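Participant: If you scroll down you'll find the structure; I have some questions about it.
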Ligand SMILES: [Zn+2]
């Protein structure tokens, strides 16, 4: 037989993203603007090792860059290295 008692369990706290702030301009309004809006930029550099059988580890650097800075800062910067044609591709949800 098990005898139970009631105890208080403290609420857990969890770290969640409240908002994104652009690492270039410092603004937070250049990201998704509500339900259905998509303005995403992923700039991530990962390095480390992965075992084909599973496991592995490494480090990553992730930059949060708003849509405007991606278009007006990053794309022209890349073009400055001689890449004159940057193609946009269609995507689906
Ligand atoms: Zn920005």
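Participant: Which whole-number percent is the relative contact order of the chain (Cα, under 8 Å, 6+ apart)?
Facilitator: Computed value for the chain: 23 percent relative contact order.
Participant: Would you mind ranking 65, 86 by Cβ crowding within 10 Å, fewest neighbours first?
Facilitator: With the sparsest Cβ surroundings first, the list reads 86, 65.
Participant: I need the P(r) histogram for the chain: all alpha carbon pairs, bin width 10 Å from 0 out to the longest distance, whole percents.
Facilitator: Whole-percent P(r) values from 0 Å outward: 11, 26, 27, 19, 8, 5, 3, 1.
No lab work stands behind these numbers, since they all come straight from the coordinates. Keep in mind that what you see is a predicted model, and the values were worked out from it rather than measured. Every residue, glycine among them, receives a Cβ derived from its backbone with ideal geometry; neighbour counts consider all protein chains shown.
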